[in-house]
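S.K.: Supplied in structure tokens, the structure appears directly below.
What follows is calculated from the coordinates using simple rules that are stated; it is not laboratory data. Quantities reported herein were computed from a predicted structural model and do not represent experimental measurements. Cβ: placed from backbone, ideal geometry, glycine included. Neighbour counts: every protein chain shown.
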Amino acid sequence: MLHCALIFLPESTVSIARQASEITLPAVNNGWHTVLQFLCSQFPFISETIWRQRIAAGKVHWFNGAVISADTPFMPSKRLCYYREVTAEPAIPFAHEILYRDQHIIVADKPHFLPVTPGGDYVNECLLARLQRDTGLSDIVPLHRLDRDTAGLVLFSVNAQSRPAYYQLFSEGTIHKQYQAVARLTPQAATAALPKQWHIANRIEKSTPRFINAIVAGEVNAQSTISLVAKSGELGLFELTPHSGKTHQLRLHMLSLAMPILHDTYYPKLQPKQAPQFDKPLQLLAKQLSFTDPLTQEQQQFSSKQQLSAWLG
């Protein structure tokens with residue numbers, strides 16, 4: 001499988017992604033005469049001056065490694081590579097761990113605060129980049145999502161040929177995921193006999209701003225089973241099983257029970273952006289993954305070694 005060629009970039013005061021991001025130019029030209037014009041249109045928060053500097057430094061090139069110039073014409077459907085940059089990338093002072101690795105997959109245990117893939121303020125401080133450095137492999141692809149704020153298990157593919165078989169575990173819903181969460185109990189939950197179980201079924205859609213979601217009226221597209229399994233004072237320990245994969249689904253479903261997950265900065269009210277509060281991680285952990293391996297038909301089960309700090313403390 002062909003990938004964007006790796007290039008050696010000069011040292012800089014900014015954080016530069018070690019591996020290129022890829023974008024395919026649209027098949028229909030909407031008036032862009034040059035690649036530069038397309039990039040300015042596609043990424044309006046990056047100035048033309050910065051794009052010109054990146055192009056001149058060789059940080060934008062075709063998929064085969066051929067460099068472009070500021071005057072390179074727009075070419076429909078051609079694949080382009082560029083290197084993301086941020087000026088002040090936060091350092092995440094928590095370690096990840098590879099729990100399992102074979103020629104097809106990696107199972108990694110992600111700490112709180114570490115994104116899975118580059119995005120926003122992060123280019124190299126993400127689980128994907130760490131695994132690429134650990135293994136020396138470039139073709140590593142996460143098979144599912146896990147919020148930056150959430151800790152726990154993430155399954156990666158390291159083999160392009162077998163990748164579709166592992167993707168199918170998620171598309172067909174044959175992989176079992178179980179999470180743990182800590183939340184303050186409602187008076188009703190505080191007096192309920194254990195275990196207390198809820199089945200949540202509703203509709204989740206994008207909200208405003210675009211990185212948060214909301215429960216809305218309409219056809220069900222999100223389902224979860226939530227069980228209260230232990231109590232300690234005003235706090236409860238919950239086991240959560242998602243039956244669908246909507247962004248922030250478990251956070252919203254806990255909110256729908258009037259028990260938002262402890263230290264959630266998005267729900268019920270979006271908090272102002274600030275530096276990571278390392279002493280107050282979101283109390284949500286992807287604890288277990290289990291599935292039948294699509295290649296060997298063996299039963300696989302993995303458990304995170306992490307524990308939720310609010311429950312321990």
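S.K.: Treating the beta-carbon of each Lys and Arg as +1 and of each Asp and Glu as -1, no other charges, what is the dipole magnitude of region 15-86 about its Cα centre, to the nearest 20 debye? Walk me through the numbers before you get to the answer.
M.R.: Details: 7 positive and 4 negative charges, 35 e Å.
Rounded to the nearest 20 debye, it is 180 debye.
S.K.: Report the gain in length on full extension from Thr87 to Lys269: 0.36 nm times residue separation, minus Cα-Cα distance, nm rounded to one decimal. Can you show the working numbers first?
M.R.: Values: separation 182, 0.36 × 182 = 65.52 nm, distance 2.85 nm.
Full extension from Thr87 to Lys269 adds 62.7 nm.
S.K.: Rounded to whole Å, give me the distance from the Cα center of region 192-243 to that of region 257-310.
M.R.: Going from one Cα centre to the other spans 13 Å.
S.K.: Sticking with this structure for a sec: Using a Gaussian network for the chain with springs between C-alpha atoms less than 10 Å apart, which of these wobbles most: Pro142, Pro111, Pro276?
M.R.: Top of the fluctuation ranking is Pro276.
S.K.: Return Val107, Val60, Val141 ranked ascending by Cβ neighbour count within 10 Å, so the fewest neighbours appear first. All intermediate terms of the calculation are to be shown ahead of the outcome.
M.R.: Working: Val107 19, Val60 23, Val141 14.
The fewest-first ordering by Cβ neighbours comes to Val141, Val107, Val60.
S.K.: Turning to a different aspect of this structure: Just rank Asp293, Asp147, fewest to most, by other beta-carbon atoms within 10 angstrom.
M.R.: Asp293, Asp147
S.K.: With an 8 Å Cα cut-off and a minimum separation of 6 or more residues, compute the relative contact order for the chain in percent.
M.R.: Details: 595 pairs, mean separation 44.8, N = 313.
Computed over the chain, the figure is 14 percent.
S.K.: Just rank Tyr82, Tyr167, Tyr267, fewest to most, by other beta-carbon atoms within 10 angstrom. Please report the intermediate quantities before stating the final value.
M.R.: Numbers: Tyr82 22, Tyr167 15, Tyr267 18.
Ranking Tyr82, Tyr167, Tyr267 by Cβ neighbours within 10 Å, fewest first, gives Tyr167, Tyr267, Tyr82.
S.K.: Which of Val28, Trp62, Val116 sits farthest toward the positive end of the charge dipole of the chain, with +1 on the Cβ of Lys and Arg and -1 on the Cβ of Asp and Glu?
M.R.: Ranked along the dipole, the leading option is Val28.
S.K.: How much net charge surrounds Ala66 when only other residues with a Cβ under 13 Å from its Cβ are counted (Lys, Arg +1; Asp, Glu -1)? Let's see the in-between values first.
M.R.: Working: positive: Lys78, Arg79; negative: none.
Computed value for this residue: +2.
S.K.: If R0 is 22 Å, what FRET efficiency do you get for Ala190 and Leu312 from their C-beta distance, rounded to 0.05? Before the final figure, lay out each step's value.
M.R.: Values: r = 20 Å, r/R0 = 0.93.
Plugging the Cβ-Cβ distance into 1/(1 + (r/R0)^6) gives 0.60.
S.K.: If you don't mind, there's one more thing I want to ask. With +1 assigned to the C-beta of every Lys and Arg and -1 to the C-beta of every Asp and Glu, and no other charges, what is the dipole magnitude of region 158-313 about the Cα centre in debye, to the nearest 20? Show your work: numbers first, answer last.
M.R.: Numbers: 15 positive and 9 negative charges, 89 e Å.
The dipole magnitude comes to about 420 debye.
S.K.: What is the local net charge at Thr117, summed over the other residues whose Cβ is closer than 12 Å to its Cβ (Lys, Arg +1; Asp, Glu -1)? Walk me through the numbers on the way to the answer.
M.R.: Details: positive: Arg84, Lys110, Arg130, Arg145, Arg148; negative: Glu125, Asp147.
Neighbour charge sum, excluding Thr117 itself: +3.
S.K.: Report the far tail of the P(r) of the chain, meaning the percent of Cα-Cα pairs longer than 36 Å.
M.R.: Values: 12994 of 48828 pairs.
So the portion of pairs separated by more than 36 Å is 27 percent.
S.K.: Relative to the Cα centre, what is the charge dipole magnitude of the chain, using +1 at the beta carbon of each Lys and Arg, -1 at the beta carbon of each Asp and Glu, and rounding to the nearest 20 debye? Spell out each step's value before the answer.
M.R.: Working: 28 positive and 24 negative charges, 89 e Å.
Charge dipole of the chain: 420 debye, to the nearest 20.
S.K.: If packing is taken as the average number of other Cβ atoms within 10 Å across a peptide's residues, how do 294-306, 248-260 rank, most packed first?
M.R.: Numbers: 294-306: 13.3, 248-260: 21.2.
Those peptides, ordered most packed to least, come out 248-260, 294-306.
S.K.: For region 192-278, which chymotrypsin sites (Phe, Trp or Tyr not before Pro) are in a loop by DSSP, counting at most 14 other Cβ atoms within 10 Å? Don't jump to the answer; show the numbers that get you there.
M.R.: Working: sites: Trp198, Phe211, Phe238, Tyr266, Phe278; in loops: Phe211, Tyr266, Phe278.
Within region 192-278, the qualifying chymotrypsin sites (Phe, Trp or Tyr not before Pro) (loop, at most 14 other Cβ atoms within 10 Å) are Phe211, Phe278.
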